[in-house]
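**Student:** Attaching a single structure in C-alpha cells format; questions to follow.
The values are calculated or read from the model by the stated rules, or taken from the named source; none is laboratory data. From a predicted model like this one, the values you see are computed outputs, not experimental measurements. Neighbour counts run over all protein chains shown; Cβ positions are idealised from the backbone, glycine included.
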Amino acid sequence: MGGQEARTVAGPASLKIVVAGGFGAGKTTLIGAVSEIKPLRTEEVLTTASTGVDHLHGVEAKTTTTVSMDFGRITFDEPLPMVLFLFGTPGQERFESLWDDLTLGALGAVVLADTRRLSDSFTAVDYFESRGLPFLIAVNEFDGAHRYSTTAVRAALDLDPHVPVMPCDARQGQSAAQVLIRLIEHLQSTDHTARTVRSDQPTPASSATAGVQP
Amino acid sequence: MRTLMVRSALETRVRPYGLTRGRTAPKHRLRPESLLQTGAPCDQSAPEERAAIELCNRPRSVAEISATLQLPLQVTKVIVSDLVDRGALDLTVPPEAAQNSPQVMEAVLAGLRTKWKL
Ligand SMILES: Nc1nc2c(ncn2[C@@H]2O[C@H](COP(=O)(O)OP(=O)(O)OP(=O)(O)O)[C@@H](O)[C@H]2O)c(=O)[nH]1
Ligand SMILES: [Mg+2]
C-alpha cells in the first residue's frame, strides 16, 4: 500500500467562494438563494488550548469545540464542467485553522455586512486582507434597516479603494448571483502580483485543481 | 441504567474516531471541496464507507460526504483517503482548460450569467 499513487478520473473543476460576515448577517440565506441544493451543514472538531493553562504541571489544557459551517453548490456543464462551492464561515470567532482550510485555494470571498452591526464585519475584512484573498462587501439590505451609501460603508469599514461595495438582498437568487458575478469581475481586474502574496497558498491556476493535491 | 447512559454518551464521542481506526491524519491531502467518484467495487467496507461509495456515484465533495454521513470533516477525510487507497473512490482531475485561471474565471462568469439570466 505504501507509496501507491491514487487513481484519478476526469471530473469537473472544483471551485469555491467563501461567504463570511457577522452573526446573522445572512450568510446561510445567501448561500441557499444561489445553491442548487438546500445548504448542507458540516462540522469540524477543533482542539484549542484553553485559557488558564496549567504551567505548573507542564500540561496544556486542551478543549475541543465543534463548529459547524454551511455550504451550497452550483454545478455547471457549460462552458466547462465545473462545480462552484459556497462555504459559509462559522460563527463570529475566527477559528484560524478552519478559516485557513476553507480559504485555501478559494477564488475569493464575499463579506456580508448588516448595516445595523457593521463592526461585525471587521473580523472577516481583517482576515481576508491579511491573507491577500480578494473580497467584496455585499451590504445585505434588511427590511427596516437604515440604508447607508456605499461610500459611508466603505469609510466605516476603512476599506481599500479597490474593494467593491454593493447592496444585495440575500434572499433573492438573482441578487446573490449578481454578488458572485461582481466578485469574479473584481478578481479579473485584480492585479495578479498582489495575489501571489499568499505564500503557502496555491496559485490561482492550481486552485482549480483542488481535487488532486499530492 | 446510569452506566448505560454514560456508555452511550461516550460512544457518540468516541465512535467517529473508532471508524478511522485511531488515525487522525489522512494520507491524501484532501480539501473540503475535493471531488471524489466511485471507483472499483470494494467488498469489505463499513456502513459509513458504503454510504460514501454510494454517494459518489457522481462526483461529490469531501464536505458533502461529511454532511451526508454526519461525520466531522477531519474524520471524513481519513475515511475517504482510506477508500482512495483501496481504489473504492477515485480522486477527480479537472479538465485541462480549467487549469488556467483566466479561462476558469470567464467560464464561471458565463455560467452564472446564463443560469441567472444576468
Ligand atoms: N429582511 C431580510 N431578512 C434577511 C435577509 N437575509 C437574511 N435575513 C434573515 O435574517 C436572519 C439571519 O440570516 P442567516 O442567513 O441565518 O444569517 P447567517 O449569517 O447565516 O447567521 P449565522 O450563521 O447565525 O451567523 C434569518 O432569519 C433570515 O431569514 C435579507 O436580505 N432581508
Ligand atoms: Mg448561518
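**Student:** Please enumerate the residues belonging to segment A:66-101 that are among the small types (Gly, Ala, Ser) and either assigned to a loop (DSSP other than H, G, I, E, B) or within 7 Å of chain B (Cβ to nearest Cβ) (or both).
**Tutor:** Selection gives A:Gly91 alone.
**Student:** Which number in (1) within 11 Å of another protein chain (Cβ to nearest Cβ); (2) modelled with pLDDT of 90 or more; (3) out of contact with any Leu (no Cβ under 7 Å at 6 or more places or on another chain) marks the one condition that A:Thr28 misses?
**Tutor:** Unmet condition: (1).
Yes/no matrix, rows are residues, columns are (1) within 16 Å of ligand 2 (Cβ to nearest atom); (2) over 20 Å from B:Leu109 (Cα atoms); (3) in contact with a Ser or Thr (Cβ under 7 Å, 6 or more places away or on another chain); (4) modelled with pLDDT of 90 or more:
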| site | (1), (2), (3), (4) |
| --- | --- |
| A:Ala113 | yes, yes, yes, yes |
| A:Glu141 | no, yes, no, no |
| A:Leu157 | no, yes, yes, yes |
| A:Pro161 | no, yes, no, yes |
| A:Gln172 | no, no, no, yes |
| A:Pro204 | no, no, yes, no |
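**Student:** Is at least one residue of segment A:89-99 aliphatic (A, V, I, L, M) and more than 19 Å from A:His186 (Cα to Cα)?
**Tutor:** Yes, because at least one residue in segment A:89-99 is aliphatic (A, V, I, L, M) and more than 19 Å from A:His186 (Cα to Cα).
**Student:** Step by step: first the residues of segment B:87-101, then only those that are at pLDDT 95 or above and more than 7 Å from chain A (Cβ to nearest Cβ), then the one that is surrounded by the most Cβ atoms within 10 Å (Cβ to Cβ). Which residue is that?
**Tutor:** Here the answer is B:Leu89.
**Student:** Can B:Leu71 be described as outside any helix (DSSP H, G or I) and free of Cβ contacts under 8 Å to residues at least 60 places away in the same chain?
**Tutor:** yes
**Student:** Can you report the number of residues in segment A:144-178 which are more than 10 Å from chain B (Cβ to nearest Cβ) and part of a helix (DSSP H, G or I)?
**Tutor:** 8
**Student:** In this structure, is A:Val19 modelled with pLDDT of 80 or more, within 16 Å of ligand 2 (Cβ to nearest atom) and either farther than 24 Å from A:Leu187 by Cβ or part of a strand (DSSP E or B) (or both)?
**Tutor:** yes
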